[in-house]
1. Going through segment 30-57 one residue at a time, which ones are in contact with an Asp or Glu (Cβ under 8 Å, 6 or more places away or on another chain) and either hydroxyl-bearing (Ser, Thr, Tyr) or in contact (Cβ under 8 Å) with a residue 40 or more places away in the chain (or both)?
2. Take the conditions farther than 21 Å from ALA63 by Cβ and among the basic types (Lys, Arg) and apply them to ARG160. Does it pass?
3. In segment 145-157, which residues are open to solvent by 30 Å² or more (accessible area, probe 1.4 Å) and either at pLDDT 90 or above or of a type in the set (Val, Ile, Thr) (or both)?
4. So how many residues does segment 1-16 have that are outside any strand (DSSP E or B) and touching a residue at least 12 places away in the same chain (Cβ under 8 Å)?
5. Only one of ALA142, ALA158 is under 30 Å from LYS93 (Cβ atoms) and under 19 Å from the mean Cα position of the chain (by Cα); which?
6. State all residues of segment 23-54 that are open to solvent by less than 70 Å² (accessible area, probe 1.4 Å), in contact with a strand residue (DSSP E or B) (Cβ under 8 Å, 6 or more places away or on another chain) and in a loop (DSSP other than H, G, I, E, B); if no residue qualifies, say none.
7. I'd like to verify a number: residues in segment 73-126 that are of a type in the set (A, V, I, L, M, F, W, C), within 25 Å of GLY45 (Cβ to Cβ) and either part of a helix (DSSP H, G or I) or open to solvent by 70 Å² or more (accessible area, probe 1.4 Å) (or both), how many?
8. Which is modelled with pLDDT under 90 and aliphatic (A, V, I, L, M), of LEU130, LEU120, LEU135, LEU174?
Amino acid sequence: MNVYWFDLEIAGPVTDEHVDRLAEVIIANSGEGVDATVQADDRGGVVMFSREADDVAGAIMSAITDVREAGMTVTGVDGGDLVAVETMATRAKVTVHAVRHWIGGVRGPGGFPEPVRQRLFSWAQVSAWLVRNRLGDVDHAAVEVARASVFFNALLTADRMMDDVIPKHRRAELAQVSTKLARQKAACS
């Protein structure tokens, strides 16, 4: 078992009853203590998890299930994906100078990921580049969380857009297509 650290972004309003219900749900589903902290109000907020699981997908899926069961709406997963140069250096256990050299192509194999926003990079992309090129010393659980958060955010976005994009009479067909794709991926691995 690994411990995965991530935040679930939630829509407001979040009440004390939601928070109490989440604690009950987590204890009932895990049989152990509460592994989450809620920081939210009428506008929403986050539920911060340190979830123990066999893999990152199980950790995030079970957390989303728990939060939804408590009556809250999950809007995103923050796995610390957007990072500045200083954060990359800290996470990779190297100097800021080394990271700047990698970004500029002065050192390393080249091909450093482009920023996704002004001076912000995707930790999922950067950490994959670091691992592939055997540079730095990255926490593999943090890498998994960053990469999984990108995937789960795409799923949550698709879920929110479903009513606007997929007519009700097509949803069963969409579920079949999704299941078929998942089975094909499973057969290839």
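The values are calculated or read from the model by the stated rules, or taken from the named source; none is laboratory data. All values derive from a computational prediction rather than experimental measurement. Here the Cβ positions follow ideal geometry from the backbone for every residue, glycine too, while neighbour counts run over all protein chains shown. Accessible surface areas use protein heavy atoms only, side chains included; no ligands, DNA or RNA. Shrake-Rupley method; radii C 1.70, N 1.55, O 1.52, S 1.80 Å.
1. Answer for segment 30-57, where residues must be in contact with an Asp or Glu (Cβ under 8 Å, 6 or more places away or on another chain) and either hydroxyl-bearing (Ser, Thr, Tyr) or in contact (Cβ under 8 Å) with a residue 40 or more places away in the chain (or both): VAL47, MET48, PHE49, SER50, ARG51, GLU52, ASP55, VAL56.
2. Values: farther than 21 Å from ALA63 by Cβ: no; among the basic types (Lys, Arg): yes.
Judged against the criteria, ARG160 is not a match.
3. We begin by selecting, within segment 145-157, every residue open to solvent by 30 Å² or more (accessible area, probe 1.4 Å); these are 147, 150-151, 153-155, 157.
The answer is VAL150, PHE151, ASN153, ALA154, LEU155, THR157.
4. Looking only at segment 1-16, we keep the residues that are outside any strand (DSSP E or B), and these are 1, 12-16.
With touching a residue at least 12 places away in the same chain (Cβ under 8 Å) added as a condition, the list becomes 1, 12-14.
Number satisfying all stated conditions: 4.
5. On the way: ALA158 fails: under 30 Å from LYS93 (Cβ atoms).
After applying the criteria, what remains is ALA142.
6. ASP35
7. Residues of segment 73-126 of a type in the set (A, V, I, L, M, F, W, C): 74, 77, 82-85, 88-89, 92, 94, 96, 98-99, 102-103, 106, 112, 116, 120-121, 123-124, 126.
Add one more test, that the residue is within 25 Å of GLY45 (Cβ to Cβ), and what stays is 74, 77, 82-84, 116, 120, 123-124.
Then drop every residue that is not either part of a helix (DSSP H, G or I) or open to solvent by 70 Å² or more (accessible area, probe 1.4 Å) (or both), which leaves 82, 116, 123-124.
Counting residues in segment 73-126 that are of a type in the set (A, V, I, L, M, F, W, C), within 25 Å of GLY45 (Cβ to Cβ) and either part of a helix (DSSP H, G or I) or open to solvent by 70 Å² or more (accessible area, probe 1.4 Å) (or both) gives 4.
8. Unique residue meeting the criteria: LEU174.
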